[in-house]
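The values are calculated or read from the model by the stated rules, or taken from the named source; none is laboratory data. Every value quoted in this text rests on a predicted model; they were computed, and no experiment measured them. Here the Cβ positions follow ideal geometry from the backbone for every residue, glycine too, while neighbour counts run over all protein chains shown.
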Amino acid sequence: MSDSSVFSRMPETGGVRERLLAATRAAHYRFARGLALAGYERVSSLADVQGSGNAEQEASESEGGEVPRDSDMTHAWLFTGPAGSGRSVTAKAFAAALLCTNHDNPGCGGCEGCRTALAGTHGDIKIIRTEGTIIPVKTVRDEIRPWAYKLPTTADCRVLIIEDADRLNDQASNAMLKLVEEPPLRTVIIMCAPTANPEDFSVTLRSRCRHVYVPTPHTEDVVQLLLAERPDLTQEQAQWAATVSNGHIGRARGFVSDEGSRAWRSKALDFAEAVFDPAKSYLVARELANEVTGEVKRRMESVEQAELEKLEQSLGVGASGKGAQAALRGSKGVIKELEENQKRRRRRAESDLIDLSLTDIMGLYRDALLISSGVAADSGEGIGLINPDRRRTAQELARRLPAESLLESIDAISGVRDMLKSAVRNGVLLDELMAKLQIAGQVGRR
């Protein structure tokens, strides 16, 4: 397999690459088989030919190998895995392989189909993303279904990718279930959900999909992905980002491209250093809570402004002439709805940002536990630190706290992460974390 192949973007762990490679070969065999039978179009329906003949076996024999039964092609897929494991990267690479125009080497990475699919500009690929807390049924009915039931324009099939599909509410899940049970003629549906437990996803909808678990990639896999995407990076830059992100592909990308992301990580780790300074510990906690709002605003302000301007333009806000004032009065409700959606999205983004900060802090305590246990890598042996640039801080934590207290601190952080699911204010939540870490560290008792 060449480095340019789209499959090089998929993790090798967990058999993900092998399963999707086999599925792609089976799909392209069907495309070619449909052309031979019909004479004028590739295939009437991917779902219609499920199990017809020995397509997968023949495809396997043509490649000189055996395709496992789990690798059979199907029209509906569910990709799950921990946050940052690369579900979306894998889904997009799989889509590119299906849309590849090189039937002798599907997923070649060099054809127009692969290049445009990876770039997100292919006309037969659609990616549904949401910054809100849910994906409503309106999105399924008005956006997903009409697109899915159209025939492909240039490729053999269409590919629909739904990111954060766990945010489908009950009504939306039911609408998706109908779409999956009555599949479009030539559309492959890939739903991605950030969970290590597939049972967190709609049971009925899950049962209608082929499940692929995408595990957290190895650090070296993330390094290679970053270098492939950013040839301007040095090996050291990619290695640092992959290490401190702990295999989280999205964060690793942010660390190499955004100074603000790197600065925010430093602020989160400074929180851990403030635990043993009672004079300023709660001030640091409150400052971090306040800065969460500012950081989210920095990241989303331009997007929100563009959304508002686009909506106002479509509603004719600012226009003059007969009927303009009446149109303006009628548009106020629509603009208010957008503002409410943006407010909910910011709240979700704040929770996500705090969660990432808590993950960073937990990683620092994990490093301290490794040092305390004597298994941290020093010269190529042992277990590597997540935060090698904060080794001194981890060493100080290990010196101050016994292993039991470090474990108690990690449990405390996990408990506060669970609190993010409730409507607790940022300041209260981080104050709670500071208090629990100080109790675990027996601050003020010595």
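For Pro184, are the conditions met, namely being touching a strand residue (DSSP E or B) at 6+ places or on another chain (Cβ under 9 Å), modelled with pLDDT under 90, surrounded by 17 or more Cβ atoms within 10 Å (Cβ to Cβ) and outside any strand (DSSP E or B)?
Criteria met by Pro184.
This table checks each residue for (1) within 32 Å of the chain's Cα centre (by Cα); (2) at pLDDT below 50; (3) closer than 16 Å to Ala155 by Cα; (4) of a type outside the set (Val, Ile, Thr).
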position	(1), (2), (3), (4)
Asp3	yes, no, no, yes
Met10	yes, no, no, yes
Ala22	yes, no, no, yes
Arg33	no, no, yes, yes
Tyr40	no, yes, yes, yes
Glu56	yes, yes, no, yes
Phe79	yes, no, no, yes
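If I ask for residues that are crowded, with 18+ Cβ neighbours inside 10 Å and assigned to a helix (DSSP H, G or I), which ones from segment 93-119 would you list?
Answer for segment 93-119, where residues must be crowded, with 18+ Cβ neighbours inside 10 Å and assigned to a helix (DSSP H, G or I): Ala93, Phe94, Ala95, Ala96, Ala97, Leu98, Leu99, Gly113, Cys114, Thr116, Ala117, Leu118.
Just to be sure before I move on: is Ala155 in a helix (DSSP H, G or I) and either among the acidic types (Asp, Glu) or in contact (Cβ under 8 Å) with a residue 12 or more places away in the chain (or both) in the structure I sent?
no
Of the residues in segment 403-442, how many are in a loop (DSSP other than H, G, I, E, B) and either of a type in the set (D, E, K, R) or at pLDDT 95 or above (or both)?
2
Can you confirm whether segment 208-225 contains a residue that is out of contact with any Ser or Thr (no Cβ under 8 Å at 6 or more places or on another chain), of a type in the set (D, E, K, R) and more than 23 Å from Ser257 (Cα to Cα)?
There is at least one residue in segment 208-225 that is out of contact with any Ser or Thr (no Cβ under 8 Å at 6 or more places or on another chain), of a type in the set (D, E, K, R) and more than 23 Å from Ser257 (Cα to Cα).
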